[in-house]
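Just so it is clear, none of the values below were taken in a lab; they were calculated from the coordinates. The structure presented is a predicted model; accordingly, all values stated were derived computationally and were not measured. Using ideal geometry, Cβ is built from the backbone for each residue, glycine included, and neighbour counts are taken over all protein chains shown.
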Amino acid sequence: MLNKIHHAAIICSDYSKAKDFYCRILGFPVIKETYRQERDSYKLDLKVGPHDQIELFSFPESPARITRPEACGLRHLAFQVADVHKVRTHLEDNGVTCEPIRLDEITGKEFFFFFDPDGLPLEVYEQ
């Protein structure tokens, strides 16, 4: 019945800062950018790999994320990469603070967490 995840939606507090982070630092190409004047809101569709998307929204006066990843609900967004160390170096070279690289005790794969400009937890996970 459900085939795959079409997109993940993210609401940001500072559209320019978030757009720079997701496009320049993380390298996601823009599919389409729309400004909705009646809502004073941007919607930025970003391409993640060959089939996936992120929708980046801005809304005036959106509340901050209430709790950290351990609260009920969506915990974090994870991106699969070929080289965890290379991605971590790239992020740190661009001023992004990264948590230490850890080893998934179940899969034996390396991973680490970092945060977007609004504190959304993001994960880099070894392919």
>> For K32, give me every one of the lysines with a C-alpha distance below 22 angstrom, ignoring sequence neighbours fewer than eight places off in its own chain.
In response: K4, K17, K19, K43, K47
> In deg cm²/dmol and to the nearest 500, what is the mean residue ellipticity at 222 nm of the chain if only DSSP H runs of at least 4 residues count, each as -39500 (n - 2.57), divided by the residue total?
Replying inline: -3500 deg cm²/dmol
> Of (1) 0.97; (2) 1.19; (3) 1.42, which is the value of Rg/Rh (Cα atoms, Kirkwood Rh) derived from the coordinates here?
Replying inline: (1)
> Full extension from R36 to Q80: what is 0.36 nm times the residue separation minus their Cα-Cα distance, to one decimal in nm?
Replying inline: 12.6 nm
> Label-point separation (nm) for D118 and C23, each offset 7 Å from Cα along Cα-to-Cβ?
Replying inline: 1.7 nm
>> For the pair K4/R102, report the inter-label distance in nm, with labels modelled 7 Å from Cα in the Cβ direction.
In response: 2.8 nm
>> Between helix 84-93 and the chain, what is the angle of the helix's C-alpha long axis to the longest principal axis, kept within 0 to 90° and rounded to the nearest 10?
In response: 50 degrees
>> How high is the relative contact order of the chain? Use alpha-carbon pairs under 8 Å, at least six apart in sequence, and give a whole percent.
In response: 22 percent
> Remind me, relative contact order of segment 1-62 in percent, using alpha carbon pairs under 8 angstrom and six or more residues apart?
Replying inline: 40 percent
